[in-house]
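The values are calculated or read from the model by the stated rules, or taken from the named source; none is laboratory data. This one's a predicted model, so the numbers in the text were calculated from it and none came from an experiment. A quick note on method: Cβ atoms are made from the backbone with ideal geometry, for glycine too, and the neighbour counts reach across all protein chains shown.
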Amino acid sequence: MYNNKKVDSYVIDKNASVHDALVKITTNKNSIAMVIDGEYHLTGVITNGDILRWMTRQNEPNLKIAVTEIQNTDFLFTTNHSSKSEIKALLRKVQYLPVINDQNQLISIYSNQPQSLLEIGKSLIGENQPTYVIAEIGINHNGSHEIANALMEKAAECGADAVKVQLRDLNSIYTESVLKNSLTAEHSTQYLLNELRNCDLEISFFEELHKKSSTLGLDFLATPFDLKSVEFLKGLDLPAFKIGSPDFTNLKLIDSLASLDKPLILSTGMSTEAEIDQVINHLNSLEIQYALLHCNSTYPASFEDLNLNFIKRLELMCKRTVGYSGHEKGFIPTLTAVALGAKIIERHITLSSKANGPDHSSSLEPEEFSEMVKSIRLIEKSLGQNERILNQGEQGNRIALGKSLVASLDLPKGKILEEHDLIAKSPAKGISPLHVDKLVGKKLVRDLSKEEFIQFEDVNESSNDNNSFDIDKKWGIVGRLNDFDEFLDWKPKLVEIHLTWRDLTNTDLNEFVKRYDSIESELVVHAPEYYEDKLIDFATDQSNVLDYSFEMLERTIDISRKLSPIFKGTDQNLGPKIVVHPGGHFEYLKETNRPDQYKSLKKNLKSIDNEGVQLLVENMPPNPWYFGGQWYNTIFLDSKEILEFSQDSKLNVCFDTSHALLYCNQAKKSLNRFAKDLTQKVKHLHISDGAGTTQEGLQLGEGDLRLDHLFQIMQSVDSGFVPEIWQGHLNRGKGFKTALRKIEKLLKGKMSTRGCH
């Protein structure tokens, strides 16, 4: 039986919907969810079977109803006081057994199946989790306290998750005859015994190292090579234990460590496949959590002997998390192992690979180790998911380089479309050429001009969706200077014009003013994010960057002042709002002095002549997309820092829900709390969904944004908003229209907000 203390993947709030329960059950792959209240009190359970049985009894199943309507409240459970025999008896009746404390709070879940994720310290290890990197000190301390401490510090600096030491009692490991006269042993044994004696550390020192690891934020692991060492380690309460390759077949040692009820990590070096299979069967019989590491126990191991493809085979054999313990020179094969699925990496660390000792030559010096960890993190990002996803860069290029169907000539209303009436041309702002067969033979319900993009509603007589919205908030549309006018017949209450640097340098504003005598909407202007191929940045002290940044913003302010009188919904006393990105973006992740960046930002923005306009600084995502690629942001992420800046600078904020969500996902913070911090400073809203830490600007309901949280944000903030859906302007604003319809229903209470996504 297995006790899973990480229950988040199982639980669902009692206010969630049946649909949310289905999502949870599908995601955790366990066919069950535990229903809890806000304080983790267990109220019921719900399974795939519960949902299916309920659905078969409904004429039209409503998946939006609360999960409490169909949850099972008559379920088996146990307490944290129950004995193992009692728990085993209950597990003969059910597959999953919740454990509650005296306050009826869910604290863990027993099952007959091993949990998919290995838990070591604060880390979860396995599928969709970061690679767990162990810095193996081994005997590379050469018996020196100073070197051992230095290696631990270097491991932390390099980004390792854990450090590991080795403990051995030579009298327990080697025969008396070999210890008395090593000359009788093989040459390799003679050499190794001498090195082990020279590298011996008094056992009490490991307690000091254990304490030191905690201060460094590292898990402290150990490989005991004998039962005497196991007895000592019992008192240190380590989060996991390592079994080295020499003891992979030592079942007595395995059993002694298994009795401590901690995860085991076992290296498979020097063992045959048959032996590995036998040990796997033994480990499974013990019902413990474990991981296996592929390993070639040669020091150093040649590339030709690493046989990294066995990692996949090993995973199939044990059906557990697998990893790689490497002893090669360099770390390219180690990176390959990560790409092949290794979720634990163990590499020896040394202060010098030229030092005397058996392991130094196959160890990594701190600079190499650090580079390896950085490379592992990049590989993790690049591996992604096992499904095809178009990122924002690709979507942008898809529009610019792809093709859509346009009219090959002027086509009158009532025309039955023929294949030659349509031609594929760039940009891709309409229907893909892939769907031409869905248009041929259909009748046009309106006139189409030559090279005008065709939409499905142009051949759909039943299409009755209009462009009017009943939204009791100041809502608007975002668009470019020369294309927002196609949305003016929607009668938006505000228009956000997103300027580009080309608009600022090439636009004839007089022509624009002549074209629009009067527009009833309020004006909001979004300043350019970049100039040519350089990002705007007001959080820097680099004069060359500030020169073009100031120039772009000053031109934006000048244009905004000139446009303001046209937009009758603008408060002419305050002037139009101008959304500004703060800067602090880098192509590569780097440490920065954030207080200095905020200081520069305040100084630079305060030096701008903003008379007649309102500057709003926009909160940023951790990984914004510029020039078709992902960048890294350093400031204007955290709500507390943004609030402090806003209060100090007396500048207000444009709040972007998608940006805030991505940051909260990364920082594991509450979006609700984030929004509450900034409520009084928000004067304009960008509304869209987001997922993970990089997918911004998604349609509402397609990411991680809870609609109840969005509802609360919109109700608490006294400002206008625009749906800033990525490419929402395409197909005559289909993305914008969809978002506005959802917001319309949400604010009128016609869309469930309970725990939904």
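Output the qualifying pairs, or none if there are none: Cβ atoms under 7 angstrom, residues six or more apart or on different chains, first residue in region 604-620 and touching a residue at least 12 places away in the same chain (Cβ under 8 Å), second residue acidic (Asp, Glu) and assigned to a strand (DSSP E or B).
Glu618/Asp656; Asn619/Asp656
Can you name the strands (runs of 3 or more DSSP E) wholly within region 68-153 that have at least 1 residues being more than 30 Å from Leu196 (Cβ to Cβ)?
On the way: elements: 96-100, 106-111, 118-120, 123-125, 132-138.
Correct list: 96-100, 106-111, 118-120, 123-125.
Each row is one residue, and each column tells you yes or no for (1) within 28 Å of Pro492 (Cα to Cα); (2) part of a helix (DSSP H, G or I); (3) in contact with a strand residue (DSSP E or B) (Cβ under 6 Å, 6 or more places away or on another chain); (4) not assigned by TED's automatic domain parsing to the domain that holds Val682.
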{"position": "Pro528", "(1), (2), (3), (4)": "yes, no, no, no"}
{"position": "Ala539", "(1), (2), (3), (4)": "no, no, no, no"}
{"position": "Val545", "(1), (2), (3), (4)": "no, yes, no, no"}
{"position": "Glu551", "(1), (2), (3), (4)": "no, yes, no, no"}
{"position": "Pro565", "(1), (2), (3), (4)": "yes, yes, no, no"}
{"position": "Asp571", "(1), (2), (3), (4)": "yes, no, no, no"}
{"position": "Gly583", "(1), (2), (3), (4)": "no, no, no, no"}
{"position": "Lys590", "(1), (2), (3), (4)": "no, no, no, no"}
{"position": "Asp596", "(1), (2), (3), (4)": "no, yes, no, no"}
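Name the single residue that is surrounded by the most Cβ atoms within 10 Å (Cβ to Cβ) among those in region 272-292 being assigned to a loop (DSSP other than H, G, I, E, B) and out of contact with any helix residue (DSSP H, G or I) (no Cβ under 7 Å at 6 or more places or on another chain).
Start the filter on region 272-292 by keeping residues that are assigned to a loop (DSSP other than H, G, I, E, B), which leaves 272, 287-289.
In the following step, the residues that additionally are out of contact with any helix residue (DSSP H, G or I) (no Cβ under 7 Å at 6 or more places or on another chain) were identified as 272, 287, 289.
Working: Thr272: 10, Glu287: 13, Gln289: 24.
Going through the qualifying residues, I end up with Gln289.
Among the residues of region 214-231, which ones are buried (at least 18 other Cβ atoms within 10 Å of the Cβ) and under 19 Å from Leu257 (Cβ atoms)?
Asp219, Phe220, Leu221, Ala222, Thr223, Pro224, Phe225, Asp226, Ser229, Val230, listed by residue number.
Kindly provide the set of residues from region 649-676 that are among the charged types (D, E, K, R) and either in contact (Cβ under 8 Å) with a residue 60 or more places away in the chain or closer than 12 Å to Val717 by Cβ (or both), ordered by number.
Selection gives Asp656, Lys676.
Residue by residue through region 293-309, note down the ones that are in a strand (DSSP E or B) and of a type in the set (A, V, I, L, M, F, W, C). Outline the logic, then answer.
Start the filter on region 293-309 by keeping residues that are in a strand (DSSP E or B), which leaves 293-295.
Hits for region 293-309 are Leu293, Cys295.
So Phe487 ticks every box in (1) within 33 Å of the chain's Cα centre (by Cα); (2) under 18 Å from Ile725 (Cβ atoms) but one. Which box is left unticked?
Unmet for Phe487, out of (1) within 33 Å of the chain's Cα centre (by Cα); (2) under 18 Å from Ile725 (Cβ atoms): (1).
Would you point out the residue of region 445-457, among those that are assigned to a loop (DSSP other than H, G, I, E, B) and touching a Leu at 6+ places or on another chain (Cβ under 6 Å), that is modelled with the lowest pLDDT? Spell out how you get there, then give the answer.
The initial filter retains those residues of region 445-457 that are assigned to a loop (DSSP other than H, G, I, E, B), namely 445-447, 449-452, 454-455.
Now narrow it down to the ones that are touching a Leu at 6+ places or on another chain (Cβ under 6 Å): 450, 454.
Numbers: Lys450: 96, Ile454: 93.
The selected residue is Ile454.
For region 315-342, enumerate the residues that are out of contact with any helix residue (DSSP H, G or I) (no Cβ under 7 Å at 6 or more places or on another chain) and surrounded by 24 or more Cβ atoms within 10 Å (Cβ to Cβ). Spell out the reasoning first.
First pass over region 315-342, keeping only residues out of contact with any helix residue (DSSP H, G or I) (no Cβ under 7 Å at 6 or more places or on another chain): 315-316, 319-321, 323, 325, 330, 332, 336.
Hits for region 315-342 are Thr321, Gly323, Ser325.
When the residues of region 611-640 are filtered to those that are touching a helix residue (DSSP H, G or I) at 6+ places or on another chain (Cβ under 7 Å) and surrounded by fewer than 17 Cβ atoms within 10 Å (Cβ to Cβ), which remaining residue is nearest to His526 (Cα to Cα)?
Applying the filter and picking the extreme gives Gly612.
Out of curiosity, is Ser688 buried (at least 22 other Cβ atoms within 10 Å of the Cβ), among the small types (Gly, Ala, Ser), under 29 Å from Lys493 (Cβ atoms) and modelled with pLDDT of 95 or more?
Details: buried (at least 22 other Cβ atoms within 10 Å of the Cβ): yes; among the small types (Gly, Ala, Ser): yes; under 29 Å from Lys493 (Cβ atoms): yes; modelled with pLDDT of 95 or more: yes.
When the stated conditions are applied, Ser688 passes them.
Counting only residues that are closer than 27 Å to Lys742 by Cα and of a type in the set (Ser, Thr, Tyr), which one in region 410-467 is surrounded by the fewest Cβ atoms within 10 Å (Cβ to Cβ)?
Ser462
Within region 503-528, can you find the residues that are at pLDDT below 85, aliphatic (A, V, I, L, M) and within 17 Å of Glu551 (Cβ to Cβ)?
So in region 503-528, the residues at pLDDT below 85 come out as 505-517.
Keeping just the survivors that are aliphatic (A, V, I, L, M) gives 509, 513.
Leu509, the sole residue that qualifies.
I'm trying to understand the selection: among the residues of region 682-723, which are farther than 14 Å from Asp472 by Cα, assigned to a loop (DSSP other than H, G, I, E, B) and in contact with a strand residue (DSSP E or B) (Cβ under 9 Å, 6 or more places away or on another chain)?
Taking region 682-723 and keeping what is farther than 14 Å from Asp472 by Cα, we get 682-710, 712-713, 723.
Going one step further and asking which of them are assigned to a loop (DSSP other than H, G, I, E, B), we end up with 688, 692-694, 699-706.
Listed by number, the residues that qualify are Ser688, Thr694, Gln699, Leu700, Gly701, Glu702, Gly703, Asp704, Leu705.
Which numbered condition in (1) closer than 30 Å to Leu151 by Cα; (2) modelled with pLDDT of 90 or more; (3) exposed (fewer than 14 other Cβ atoms within 10 Å of the Cβ) is the only one that Phe369 fails?
Exception for Phe369: condition (3).
Within region 541-573, track down each residue that is more than 19 Å from Ile497 (Cα to Cα), polar (S, T, N, Q) and buried (at least 18 other Cβ atoms within 10 Å of the Cβ).
Those that are more than 19 Å from Ile497 (Cα to Cα), polar (S, T, N, Q) and buried (at least 18 other Cβ atoms within 10 Å of the Cβ): none in region 541-573.
Inside region 1-23, can you point out the residues that are crowded, with 21+ Cβ neighbours inside 10 Å, closer than 14 Å to Leu63 by Cα and touching a strand residue (DSSP E or B) at 6+ places or on another chain (Cβ under 7 Å)?
Ser17, Asp20, Ala21 - these are the residues of region 1-23 that are crowded, with 21+ Cβ neighbours inside 10 Å, closer than 14 Å to Leu63 by Cα and touching a strand residue (DSSP E or B) at 6+ places or on another chain (Cβ under 7 Å).
Mind checking which pairs have a first residue in region 702-731 that is free of Cβ contacts under 8 Å to residues at least 40 places away in the same chain and a second that is surrounded by fewer than 20 Cβ atoms within 10 Å (Cβ to Cβ), Cβ under 6 Å, 6 or more apart or different chains?
Close Cβ pairs satisfying both conditions: His709/Asn672; Ile725/Gln699.
Can you spot a residue in region 615-628 that is more than 30 Å from Gly396 (Cα to Cα) and at pLDDT 95 or above? If you could, list the steps in order and put the result at the bottom.
Applying the first criterion (more than 30 Å from Gly396 (Cα to Cα)) to region 615-628 yields none.
No, because not a single residue in region 615-628 is more than 30 Å from Gly396 (Cα to Cα) and at pLDDT 95 or above.
For region 485-515, give me each residue that is part of a helix (DSSP H, G or I) and in contact with a strand residue (DSSP E or B) (Cβ under 6 Å, 6 or more places away or on another chain). Working first, answer last.
Of the residues in region 485-515, the ones part of a helix (DSSP H, G or I) are 485-490, 501-506, 509-515.
Selection gives Phe487, Trp501.
Quick check, is Glu39 touching a strand residue (DSSP E or B) at 6+ places or on another chain (Cβ under 8 Å), surrounded by fewer than 16 Cβ atoms within 10 Å (Cβ to Cβ) and acidic (Asp, Glu)?
So Glu39 fits the description; yes.
Since Leu253 meets every condition but one in (1) among the hydrophobic types (A, V, I, L, M, F, W, C); (2) in contact with a helix residue (DSSP H, G or I) (Cβ under 7 Å, 6 or more places away or on another chain); (3) under 18 Å from Thr321 (Cβ atoms), which condition does it not meet?
(3)
I need a count of the residues in region 727-736 that are part of a loop (DSSP other than H, G, I, E, B) and either of a type in the set (Lys, Arg) or surrounded by 19 or more Cβ atoms within 10 Å (Cβ to Cβ) (or both). Full working, then the answer.
The first filter runs over region 727-736 and keeps only residues part of a loop (DSSP other than H, G, I, E, B), leaving 727-729.
Remaining after also requiring either of a type in the set (Lys, Arg) or surrounded by 19 or more Cβ atoms within 10 Å (Cβ to Cβ) (or both): 728-729.
Looking only at that region, the number is 2.
Restricting to region 458-484, and then to whatever is over 37 Å from the mean Cα position of the chain (by Cα) and not in a loop (DSSP other than H, G, I, E, B), can you tell me which residue is farthest from Thr570 (Cα to Cα)?
Among those residues, the one meeting the criterion is Val459.
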